[in-house]
Amino acid sequence: MPLKPRRRAWWMPGVFLAATLGLHAQNTTAPFDLNGPRIDMRVTRGGKTLPIAEVPNLQPGDKVWVHPELPPSQSAHYLLVVAFLRGATNPPPENWFLKEETWQKKLASEGIHFTVPPDAQQTLLFLAPETGGDYKTLRNAVRGRPGSFVRASQDLNQASLDRARVQTYLNSVRDTVETNPGSLEATSKLLARSLALKVKQDCFDMPATEQEQCLTQNSEALVMSDGHESMVSTLTSGPGSDLAQQLSYAPTAGAGYYSAYVGAVIDLAKLLNGLHTAEYQYIPALTFPKSDSLELKLNNPPSFHNPKSVIVVALPAVETAQLPPLHAIDPKQVSCLQGPSVVLPVEGAPLVYSSSLAHSLALHVEGKSGKSIDLPVRAMAAKGGLVVDASAVPQAKLDPHVVGKIVGMWGFDRLDGPSFNLNVPHPTTWRLDKADANSLVVGREDDVRLHGDGAACVAEIQLRDATGRETKADFKVVKPDELEVKVPMASAATGNAGLLVRQRGLESPDQVAIQAYAQAGHLDALQFHAGDSTAALVGTRLDEVASVELKDVRFTPGGLTHSGDKDTLTLQAADAKAAAGLPANLRATAHVQLKDGRTMELENTVSGHRPQVMLANKSVENAPDSSNLVHLVDPNELPVGSEVTFVLKTVATPGFSRSDKVEVQSEDQTLRTTLEVSNGSLVLQDSSTMLGSFDPLKSFGPSAFGKLQIRALDAGGSPGDWIPLGTLVRVPVIASVKCARATRAAAAAAAATAERAANASDAPATTEASGPPPPVNDTTTPVANDPSAQCTLNGSSLFLIDSISSDPQFTHSVSVPDGYTNPTLAVPRPSSGELYLHLRDDPAIANTITVPANATTLSRVGAGAVTATAASVRAHTEGEDR
């Protein structure tokens, strides 16, 4: 019989089945790419007729119509033999064989009818070339070795079904590459899930132009179980499994991935080769059902010389229906029932996607009036589920929430599929999480949660800011009644705003009112100790805080301080008694009210009682130089180089412990040291009294000065309040003061100078020199205790002096220039045996310099020294001015 012209295959190189099936030359396996004859077939059961493509199984009593489509010019006569089998160990009776001559006019035009007999389990069709004794030879072969033909029937059925799954995958990949190549990866994964195939993930790491070839090569290795265990059980268990199992480890057969398709074809080749006789050899045909026709694919060209080729065709098994185990991927998922392409994700039954065995599928939904509607359904592997045409839903007046059930037919049997929770588009009231309502801040993208019963039907969300500008917002469904929305606040305006939630099929969007705030501060901690009436809030932008409430105790803002990028806000309790009554270790949420109306929350635990102490006494010992003429008159001045000792007493329980510490710190926080019992800087007298001592020079260095404060730290590190300790000062060393006796001439000159200074202060400023002082008469007569007569001060570190005066009011004073390094200094003559000085480190206090009784002399040498010292001061000052 001449074959029909071979159709051109679109398969790419490497996709041919020979890539897997051509590995054993002795089995003469080859790709199934030869077109065989087409056989028209329909099955009638219970008065209902279905095309063969919709028949998954036969049953005893089924009436089958068969019509081989051979061309009128067919020269080789084919004998059509129908054989029924009843198991591997029970040869069929002779009357279970039906012979028809296809070249007869009646069969060629009308076909034949046969009925499946009781107890039959398999049905085979044979197309055998006409020879003498052909029918008897074939019948004897089947009856003599029924087990081989039972296996051949099972393997052919399985291989045909698996080949259909692979072909569906390949066709979909090709269509995706042509129409939407960017979605190839996503589509391939949906195809793999729907068709139970194994796809190489490495393919998606290749360039886009190479992905298709990678995904489609060695395609037979893709096949996995189709969910119908009974269909593949003969390949994976029992004696017949050995060949398929061995094959699964061959690299050319799928690199170790078991393929039922490969096993079926290879095993089939071995079985049929074993039936070879002098007259006949058997070649398998894979069937591709399309409507009421079976298209046959051969892997060997038929031979019309001995041994002639007999084409073996397997019909569906004679058994009860094996319904597909179709199930929803996520039974809790809610889908939106709107539009022509609603995808309901399902898996577990790849034959639903790759064949027409499941037909007349519909989604059954109950309407408001109790009247149900059935919406048409298509199985689409590339979409990953069943696609529902819900165009008729708006006219059906359904409830907002319904349950739909997949119904249909599996061959002649009713198919009840999974149920799905469905939303019908309807106006929805959306609710924003309370925490999210206060978190929408301009200048950034904020994530918020929207709650409502229409989440599945939301198609788009937009932000409309205070100026009316609308911006698209990304979102995703996280729960059937919850959306996660990324609100685009980067360039939004502050003020009243809204989210526009648009549902599929609805003209007007749902509106959610929101408030766009300016950037708020961040709350780090609320520091509050039991027994206190004040607290401290730490964070950023704390100037926006209006009040804080902790366990019904309201605090109002006090002073705000900044340190680095952090703020510390002091809070005062409105009810001090109520605040002091909050117990230690109380866990409570602090509600921070902002000035713009927002409320922020901060989890807080009330800390234990802070140390409450008082400074009972302090003293300074071991002055740096006992010969120094400088005397500090204020006990709050603490000279650097002396040892400072203080006494602390507790004013509340608990008392001191050996684990307590004391911090000493400058007011500007640049100097700090910690005193401890362990190093001897703290000494416990008892639980209520503690002595502390430290050397400022050793602790802080020679550049330390300024106000010092101390506070106690308990064993847990909780600090008490800061207590002023004194002012740290550096003291110059004054070794001597020597004064010359003044003359009347000097006194007159001094008086004249003073008068000119007074007049100059009252007159307008002038740049003219006032000229030399007027002459005086007496230049030799000394004047005792004249304040204008200068003295010479000798010492070191004189730059630490701000000014020196002969009187406590600093009426007659000398200022010391900055950075003064000379050892002598011209100072006014003391009027009462003392000079007064202001230290640079504490200029508000007038300390004293003791002037010895023998400091006054009549030596003109001394007077000359005074003049020289004054010149030195003038020179230093002029140098600074320059």
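Values computed for the structure shown
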{"read-out": "Which numbered condition Ala466 fails, given (1) part of a loop (DSSP other than H, G, I, E, B); (2) among the hydrophobic types (A, V, I, L, M, F, W, C); (3) exposed (fewer than 13 other Cβ atoms within 10 Å of the Cβ)", "value": "(3)"}
{"read-out": "Qualifying strands (runs of 3 or more DSSP E) (wholly inside the range 494-564; at least 1 residues being surrounded by fewer than 16 Cβ atoms within 10 Å (Cβ to Cβ))", "value": "495-503, 510-516, 523-527, 545-550, 553-563"}
{"read-out": "Residue match in the range 633-642 (condition: assigned to a strand (DSSP E or B) and small (Gly, Ala, Ser))", "value": "no"}
{"read-out": "Pairs with Cβ under 6 Å, 6+ apart, first in the range 807-822 and within 12 Å of Tyr836 (Cα to Cα), second of a type outside the set (A, V, I, L, M, F, W, C) and part of a loop (DSSP other than H, G, I, E, B)", "value": "His812/Pro787; His812/Ser806; His812/Pro828"}
{"read-out": "Count of the range 583-612 residues which are more than 21 Å from Leu713 (Cα to Cα) and open to solvent by 70 Å² or more (accessible area, probe 1.4 Å)", "value": "6"}
{"read-out": "Qualifying residues in the range 30-75 (those that are out of contact with any strand residue (DSSP E or B) (no Cβ under 6 Å at 6 or more places or on another chain) and among the small types (Gly, Ala, Ser)) - the one surrounded by the most Cβ atoms within 10 Å (Cβ to Cβ)", "value": "Ala30"}
{"read-out": "Checklist (1) outside any loop (DSSP other than H, G, I, E, B); (2) open to solvent by 60 Å² or more (accessible area, probe 1.4 Å); (3) not β-branched (Val, Ile, Thr) applied to Pro118, failing item", "value": "(1)"}
{"read-out": "Matching option when the condition is in a loop (DSSP other than H, G, I, E, B) and exposed (fewer than 14 other Cβ atoms within 10 Å of the Cβ), among Ser619, Ser627", "value": "Ser627"}
{"read-out": "Which listed residue is open to solvent by less than 30 Å² (accessible area, probe 1.4 Å) and modelled with pLDDT under 90, from Ala742, Ala763", "value": "Ala742"}
{"read-out": "Selection count where residues are under 30 Å from Lys405 (Cβ atoms) and touching a Lys or Arg at 6+ places or on another chain (Cβ under 9 Å), scope the range 291-322", "value": "1"}
{"read-out": "Boolean, Val313 is touching a strand residue (DSSP E or B) at 6+ places or on another chain (Cβ under 8 Å), in contact (Cβ under 8 Å) with a residue 40 or more places away in the chain and buried (at least 21 other Cβ atoms within 10 Å of the Cβ)", "value": "yes"}
{"read-out": "Residue match in the range 319-339 (condition: of a type outside the set (D, E, K, R), closer than 21 Å to Phe149 by Cα and open to solvent by 10 Å² or more (accessible area, probe 1.4 Å))", "value": "yes"}
{"read-out": "Restricting the range 476-491 to residues that are more than 20 Å from Leu422 (Cα to Cα) and buried (at least 17 other Cβ atoms within 10 Å of the Cβ), the residue that is farthest from the chain's Cα centre (by Cα)", "value": "Met489"}
{"read-out": "Contacts under 9 angstrom Cβ, first residue in the range 500-525 being within 18 Å of Thr599 (Cβ to Cβ) and modelled with pLDDT under 95, partner surrounded by fewer than 17 Cβ atoms within 10 Å (Cβ to Cβ) and of a type in the set (Lys, Arg), 6 or more apart", "value": "Gln519/Arg444; Gln519/Arg541; Ala520/Arg541; Gly521/Arg541; His522/Arg541; Asp524/Lys566"}
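Let's see how each residue does on (1) more than 21 Å from Leu298 (Cα to Cα); (2) of a type in the set (Gly, Ala, Ser); (3) modelled with pLDDT of 75 or more:
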{"residue": "Gly132", "(1), (2), (3)": "yes, yes, no"}
{"residue": "Thr137", "(1), (2), (3)": "yes, no, yes"}
{"residue": "Gln158", "(1), (2), (3)": "no, no, yes"}
{"residue": "Leu161", "(1), (2), (3)": "no, no, yes"}
{"residue": "Arg165", "(1), (2), (3)": "no, no, yes"}
{"residue": "Leu184", "(1), (2), (3)": "yes, no, yes"}
{"residue": "Lys189", "(1), (2), (3)": "yes, no, yes"}
{"residue": "Ala208", "(1), (2), (3)": "yes, yes, no"}
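The values are calculated or read from the model by the stated rules, or taken from the named source; none is laboratory data. None of the values given here were measured: they were computed from a predicted structure. FYI the Cβ positions are ideal-geometry reconstructions off the backbone, even for glycines, and counts take in every protein chain you see. Surface accessibility is based on the protein's heavy atoms, side chains included, excluding ligands, DNA and RNA. Shrake-Rupley method; radii C 1.70, N 1.55, O 1.52, S 1.80 Å.
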